[in-house]
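Step one of this worksheet: look at the structure below.
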Amino acid sequence: MLTREMLFDFHGRMRRRHWWLAQLGVAVGAFVVFVVASYAAAAMNARGNVAATIGFGMIGTAIAVVIVWVNLATSVKRLHDQNLSGWFLMVGFLPIVGNVISLALLGFRDSRRGENAHGNSPKYPADAAAVFD
């Protein structure tokens, strides 16, 4: 289950399944909210209510900020799960190949076993206990 800490906190580790669920949930939620806000803004604009149109634009901007934050937080934790720094997300700025590398790391690469600098493995919790036995 996805919790508030999983979606908004930059510390810790995240399993691949939870990352995909977060991405899917954000995408579906953003689509629904932006469609509703766009239709409402268009309806208010057609009536000449500029203040309401600006208000819906501000709501859309606030939602976009939340979406970016959630995507960054979940992606950083996904990289932490592989014992990589969150700064490794910068590779996504490389044209074409950067997006392929990012998707491979975030969406398809398995978790590192055991404990690392970012905490215990959420996928293999028994391995962390075995290290200290």
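Mind listing just one residue for me: the one in the range 8-50 that is of a type in the set (D, E, K, R) and under 13 Å from the mean Cα position of the chain (by Cα) and, of those, nearest to residue 79 (Cα to Cα)? Taking the candidates together, the pick is 13. Please tell me if residue 73 is of a type in the set (Gly, Ala, Ser) and at pLDDT below 95. The answer is no for residue 73. Taking the numbered list (1) farther than 30 Å from residue 39 by Cα; (2) among the small types (Gly, Ala, Ser); (3) assigned to a helix (DSSP H, G or I) in turn, residue 114 passes all entries but (3). Could you tell me whether any residue of the range 122-132 is out of contact with any helix residue (DSSP H, G or I) (no Cβ under 6 Å at 6 or more places or on another chain), part of a helix (DSSP H, G or I) and among the acidic types (Asp, Glu)? Yes, the range 122-132 has at least one match.
With respect to the conditions (1) at pLDDT below 95; (2) surrounded by 12 or more Cβ atoms within 10 Å (Cβ to Cβ), residue 58 lacks only one, and its number is (2). Among the candidates 71, 83, 120, 116, the residue that is of a type in the set (S, T, N, Q) and touching a strand residue (DSSP E or B) at 6+ places or on another chain (Cβ under 8 Å) is uniquely 83. Filtered by the rule that a residue be part of a helix (DSSP H, G or I) and either free of Cβ contacts under 8 Å to residues at least 60 places away in the same chain or charged (D, E, K, R) (or both), the range 6-17 gives 16, 17. Within the range 35-55, the set of residues being hydrophobic (A, V, I, L, M, F, W, C) and surrounded by 14 or more Cβ atoms within 10 Å (Cβ to Cβ) comprises 37, 40, 41, 44, 52.
The values are calculated or read from the model by the stated rules, or taken from the named source; none is laboratory data. Just so we're clear, the structure is a prediction, and the values are computed from it rather than from any experiment. Positions of Cβ are backbone-derived with ideal geometry, glycine not excepted, and every protein chain shown enters the neighbour counts.
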